[in-house]
Amino acid sequence: MSQILYTSGLQKSYKTGKETIPAVNGVDLEVFSGEIFGFLGPNGAGKTTTLRMLTTLLQPDAGEVSICSYDLYQQPEKIREVIGYVSQSGGADKDATAWEDLILQARLYGMSKREAAARASDLLAALGLESIADRRPATYSGGQKRRLDIAIGMINRPKILFLDEPTTGLDPHSREQLWDEVRKLRDLGTTIFLTTHYMEEADALSDRIAIMDQGQIVLTGTPASLKDAISSSGTQASLNDVFLQHTGRYNKSAQIA
Amino acid sequence: MTFLSNLQLFYSRKIREALRNPAFVMMTLTIPLLYLLLFAPMLKRFTGMAEFGSTNVLNFFLPGMIVVLAVFGGLFVGFGMIDEIRQGVIERFRVTPASRLALLFGAVLRDVTSVMVQAIIIIAVAIPFGLKVNIPGLLLIFPLIAMLTAIFSAFSYALALIFKSEDALAPITQGISMPITLLAGFLLPMSLAPGWLQVAAHFNPVYYAIEASRTLMSDHIDAQVVMEAYAFLIPLLGLVSWWAIRKFKTVIS
Ligand SMILES: Nc1ncnc2c1ncn2[C@@H]1O[C@H](COP(=O)(O)OP(=O)(O)OP(=O)(O)O)[C@@H](O)[C@H]1O
Ligand SMILES: [Mg+2]
């Protein structure tokens, strides 16, 4: 498997007044082409901050990043060509119809009007959004809105798609539907880098997982290997157990003892 | 080329957004009328007073109103952008290879367009009230008004990116709008002001715009005043744009 994303010693702190918040504190990651990479961690761990650095939105304080062999500092505009990003808050324009919004996004990547229309139709069909093509977000369901955000994020056929909590707030049906979309995308060759707070989702979707806590990566591996590592004879640990044991102040073994 | 095509895309988006907002359209069209209808009838008494120009009081007061439309039409646009930041729309555009300059100026040009429409309305409606128009003068007023709007609009967008909250933007923009319009002589000519106020006015872009627009609407155009206004506003527009674009390019944390 070839490497598509690589970071080393990635750091970022926010300055608010006199206080300095070290949000990301030396993150080393490796993501391989064609995998679904689950990026987990408690609230405030630094996931969104990491994603915003990887997607050229935020200048790191230190560290190396390369995506598709492009260097973040030297070739940010090359990176922008090959990535897609769906932020925690989405990105669909409340004053535009789904169709208008997709066309605009396609044209910003340099597609002609005709290419843009073809791509927009394909995506609307693929994500089951034809019925909302001519409506504005105020009238969408949560799931429709999220799928439009994702359609917008993948308009340029990104090599790697970053999804920040894509399923938060969705009902179980919509979530399962989104999982299917994500798997389909991966099967078409797109690498997926996603964050989630749902452990069963991370377990079901991810080929590999990294768990972040307080600005650092505390664990990396396949879901199976991570679970096996803490399972004792007879009891099979869940990803939830793994998560709780490695993050935050809460420590199961300490409590039992 | 990418810049121009991106600019056109972002401009069309902002225009469409404005046209879809009935309140925005209504206010854009009626504010100039309100200014005129509520204010022009009070001007009769000033006719013939030397401070208000020898020709026609409306020719003296209208430039002030147009300039104030430009200031307000620019200074408060940041609120809309805070909403867009919150929706994630700005980040979404910044992840694409789209030109940041186009992202900013698509919005600025929309604001300039709406102020131009307002200026045209107020002038057209003022003619029956007795406004005397001279076309060459008007042709030199419009670029000044456009630049002034662009200065405040770009400034406001940059403030929105820095503060990202209405709570911070409201006091700042309101705090600026008061002194900047009063200290420009938009109601009373600055020639009536004490010396120190007149000195202060010379740091105020709104002052230059009003002085130049007034002379351009009068019978005797003072070329010196017009030149000064252009000489002040062109570099200022460059400076504010440069600053705002830096905010767009660098971190929006
Ligand atoms: N703009 C900002 N200014 C100051 N501090 C920030 C800012 N954004 C994030 N932080 C802080 O940085 C830390 C990491 O935040 P981040 O949003 O990256 O976490 P996260 O892992 O995405 O959390 P969540 O799961 O809740 O989305 C937190 O302590 C947060 O309070
Ligand atoms: Mg987050």
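Under a Gaussian network description of chain B, with springs only between Cα atoms under 10 Å, the residue in B:P63, B:P32, B:P41 that fluctuates furthest is B:P41. Each helix, a run of at least 4 DSSP H residues, gives -39500 (n - 2.57); summed and divided by the residues of chain A, these come to -11000 deg cm²/dmol at 222 nm. Got the relative contact order for chain A handy, in percent, Cα pairs under 8 Å and 6 or more residues apart? Relative contact order comes out at 24 percent. Report summary: the helix-based calculation at 222 nm, which adds -39500 (n - 2.57) for every DSSP H run with n ≥ 4 and divides by the residues of chain B, gives -25500 deg cm²/dmol.
In Å² (nearest 100), what accessible area is buried between B and A, both sides summed, heavy protein atoms only, 1.4 Å probe?
Details: alone 12400 and 12570 Å², together 22550 Å².
By this definition, chains B and A bury close to 2400 Å².
Would you tell me the mean number of C-beta atoms belonging to other protein chains that fall within 10 Å of each C-beta in A:76-89, as a whole number? Before the final figure, lay out each step's value.
Details: counts 1, 1, 1, 2, 5, 2, 0, 2, 3, 6, 3, 6, 2, 7.
That works out to 3 on average.
Accessible area per residue, 1.4 Å probe, Å², for the range B:3-251: what's the number? Intermediate results must be reported in sequence, preceding the final value.
Numbers: 10810 Å² over 249 residues.
Roughly 43 Å² per residue, with all protein chains present.
Backbone geometry of the range B:105-117 corresponds, through the Karplus equation with coefficients 6.51, -1.76 and 1.60 at θ = phi - 60°, to 3J(HN,Hα) couplings of 6, x, 6, 4, 5, 4, 5, 4, 4, 5, 5, 4, 4 Hz, x marking Gly and Pro.
Can you give the FRET efficiency for A:A224 and B:I234, using 1/(1 + (r/R0)^6), R0 = 56 Å, r = Cβ-Cβ distance, to the nearest 0.05? Walk me through the numbers on the way to the answer.
Details: r = 66 Å, r/R0 = 1.18.
Result of the calculation: an efficiency of 0.25.
Annotation for the range A:207-224 versus the range B:131-171: alpha-carbon center distance of 50 Å.
Taking a Cβ cut-off of under 12 Å around B:S99, the surrounding Lys, Arg, Asp and Glu residues balance to a net charge of +3, with basic ones at +1 and acidic ones at -1. Give, as ranges by residue number, the residues of the range A:149-167 whose backbone N falls under 12 Å from the point 7 Å along Cα→Cβ of A:S33. Flagged as within label range: A:159-160.
Pairs over the 28 Å Cα-Cα cut-off, from the set A:K15/A:K145; B:K14/B:K132; A:K47/A:K159: A:K15/A:K145; B:K14/B:K132.
Using Cα-Cα distances under 8 Å and only pairs 6 or more residues apart, what relative contact order does chain B have, in percent? Mind dumping the intermediate values first?
Numbers: 309 pairs, mean separation 70.1, N = 253.
Rounded, it is 28 percent for chain B.
Tilt of helix B:135-163 relative to the longest C-alpha principal axis of chain B, in degrees (0 to 90, nearest 10)? Between helix and principal axis, roughly 40 degrees.
For the range B:3-251, with all protein chains in place and a probe radius of 1.4 Å, 74% of the accessible heavy-atom surface sits on carbon or sulfur. Just checking the listed ones, A:A23, A:A202, A:A224: in the Gaussian network model of chain A with Cα springs under 10 Å, the one fluctuating most is A:A224.
The values are calculated or read from the model by the stated rules, or taken from the named source; none is laboratory data. What you are looking at is a predicted structure, and each value in this text was computed from that prediction instead of being measured. FYI the Cβ positions are ideal-geometry reconstructions off the backbone, even for glycines, and counts take in every protein chain you see. Heads up: the accessible areas ignore ligands, DNA and RNA and are worked out on the full protein's heavy atoms, side chains in. Shrake-Rupley method; radii C 1.70, N 1.55, O 1.52, S 1.80 Å.
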